[in-house]
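J.: Here it is: the structure, laid out below.
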């Protein structure tokens, strides 16, 4: 943050409709307006760090306002996508200043924050304590604390509405209680209209349109999956109207927001083979490709990265929004980080949550930043890097 106390943002949802569970949509004017978050007491304010940069895509690089190359290097902070819809909170674990400071002490410069579409929009089936204005205010508080420690916040849509019962379905629930293959046309454009309206005057915030699209698990062909990914509409194998990446980007830009936007590929964001041919048109020219990789993914070796990632990275900025492994070690991400470092690319570890790393890629044992063996690899690597500048990849 450029100063200890940030100007407050009004987080009213300005979308035309909001979801009401079990019934029709209601106009936004019929719902109470969100109130800006209450500023913290002076004693709770952190010491101001240098502000995160305002980023833009310039060729295949991310650059700041001065034109200096910048890499997004850091962690994911999971919880905001699931706790609210499960009815027990907004975050999983603390998101106070001390816990955010612990992230910064790893020399991270970026925190990716997963969101839940229905919690943000205020779906009626969610506990009122964890939906709508309360949810948006809590998310904004975390955004401000991330910025206060000089780190870039990435807001991304993780769980969304839409009944999908096909191949690889995470759940059969119409509500946003699991990962769906694609965003939906009914609510997701409204979600991004609202988020972009809230942060269009805060260009330090980055938008990640949809966590891990997997239309390829539903459609008969990969070509159909990429068409669905970009254009949405009626997609084979998906029983709801899909919002494509172009629809979501249009929703963001329709608010006047010029923030950097990320668009992840198909196959749970692990396949970018059709990204360049199907990239949505961005009138602001501020779009980057997002990619995810774990040791158990299909594209998990250097030969695949050279074949499918390198052409994308040569044309547009590339951000590995999630890197991880299920081994409780860091041998795999060491290889990923080496490949990305050699090309001055960005990456974020999954995840800054104090979970048992044997059940999934958890970076920490506690929120004071004590790492798991997996997290030690990322922490030590980030501390050995200068995360504020990047060499010219050319």
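Laboratory data are not the source of any read-out in this text; all were calculated from the coordinates shown. Since we're looking at a predicted model, the values are computed, not measured. Counting neighbours? That spans all protein chains shown, and the Cβs are built from the backbone with ideal geometry, glycine included.
J.: What FRET efficiency do you get for residue 221 and residue 301 if R0 is 35 Å and r is their Cβ-Cβ distance, rounded to the nearest 0.05? Present the calculation step by step, with values, prior to reporting the outcome.
T.: Details: r = 25 Å, r/R0 = 0.70.
With a Förster radius of 35 Å, E is 0.90.
J.: Determine how many Å³ per residue the convex hull of the Cα atoms of region 208-327 encloses.
T.: Numbers: hull volume 12.5 nm³, N = 120.
Measuring per residue, one finds 105 Å³ for the Cα hull of region 208-327.
J.: What ranking, highest mean first, results for peptides 142-148, 228-234 when packing means the other Cβ atoms within 10 Å averaged over each residue? Walk me through the numbers before you get to the answer.
T.: On the way: 142-148: 24.3, 228-234: 20.0.
So the peptides 142-148, 228-234, ranked by packing, come out 142-148, 228-234.
J.: If you take every DSSP beta bridge fully contained in region 163-303, what fraction is antiparallel? Give it as a percent rounded to 5. Kindly include the intermediate steps, with their values, before the conclusion.
T.: Numbers: 3 of 9 bridges.
Here the share of antiparallel DSSP bridges comes out near 35 percent.
J.: Here's another thing I want to ask about it. If neighbour count is taken as other Cβ atoms inside 10 Å, put 164, 268, 367 in order from fewest to most.
T.: 367, 268, 164
J.: For the chain, what is the calculated [θ] at 222 nm in deg cm²/dmol (nearest 500), taking -39500 (n - 2.57) for each run of four or more DSSP H residues and dividing by its residue count?
T.: Calculated mean residue ellipticity at 222 nm is -7000 deg cm²/dmol.
J.: Taking only the alpha-carbon positions of region 44-139 and ignoring solvent, what does the Debye formula give for the base-10 log of I(q)/I(0) at q = 0.25 Å⁻¹?
T.: Values returned for q = 0.25 Å⁻¹ are -1.17.
J.: Consider the candidate values (1) 216; (2) 125; (3) 168; state which one is volume of the Cα convex hull per residue in Å³ computed from the structure displayed.
T.: (2)
J.: What ranking do 346, 366 get, fewest neighbouring Cβ atoms within 10 angstrom at the top?
T.: 366, 346
J.: Could you give me the radius of gyration and the Dmax of region 278-378, taking only the C-alpha atoms into account and expressing both in angstrom?
T.: 14.8, 44
J.: Also, I was wondering about something else. Between residue 105 and residue 314, 0.36 nm times their residue separation minus their Cα-Cα distance comes to what?
T.: Taking residue 105 through residue 314 to full extension adds about 72.1 nm, to one decimal.
J.: Run the simple label-point estimate for residue 276 and residue 58 please: 7 Å along Cα→C-beta, distance reported in nm.
T.: Spacing of the two 7 Å Cα→Cβ label points: 2.2 nm.
J.: Another question, then. Over the chain, what is the percentage of antiparallel beta bridges among all DSSP beta bridges, to the nearest 5?
T.: Rounded to the nearest five, the antiparallel share is 25 percent.
J.: Further question: Largest first and in whole Å, what are the equivalent-ellipsoid semi-axes of region 233-296 based on the Cα gyration tensor, each being the root of 5 times an eigenvalue? Numbers along the way, then the final one.
T.: On the way: eigenvalues 91, 61, 20 Å².
Semi-axes (√(5λ), whole Å): 21, 17, 10.
J.: Stretched out fully, how many nm does the piece from residue 49 to residue 241 gain, at 0.36 nm a residue minus the Cα gap?
T.: So the chain would gain 64.7 nm between residue 49 and residue 241.
J.: Listed highest first by mean packing, meaning other Cβ atoms within 10 Å per residue, what order do 287-293, 298-304, 336-342 come in?
T.: 287-293, 336-342, 298-304
J.: According to a simple spin-label model (label point 7 Å from Cα along Cα-to-Cβ), what is the distance in nm between residue 86 and residue 172?
T.: With each label placed 7 Å out from Cα toward Cβ, I get 2.2 nm.
J.: Tell me, what is the FRET efficiency for residue 376 and residue 341 to the nearest 0.05, using R0 = 22 angstrom and their Cβ-Cβ distance as r? Let's see the in-between values first.
T.: Details: r = 18 Å, r/R0 = 0.80.
E between residue 376 and residue 341, to the nearest 0.05, is 0.80.
J.: So what is the relative contact order of region 86-230, in percent, for Cα pairs below 8 Å that sit 6 or more residues apart?
T.: Rounded, it is 22 percent for region 86-230.
J.: With an 8 Å Cα cut-off and a minimum separation of 6 or more residues, compute the relative contact order for region 217-321 in percent. Provide the component values of the computation, followed by the final result.
T.: On the way: 144 pairs, mean separation 23.3, N = 105.
22 percent.
J.: Right, another one. What number, in nm² with one decimal, is the all-direction average of the projected area of the convex hull of the alpha-carbon atoms of region 122-230?
T.: If I average the Cα hull's projected area over directions, I get 7.8 nm².
J.: Next up: Once you put a point 7 Å from the Cα of residue 129 and another 7 Å from the Cα of residue 163, both along the Cβ direction, what distance in nm separates them?
T.: 3.1
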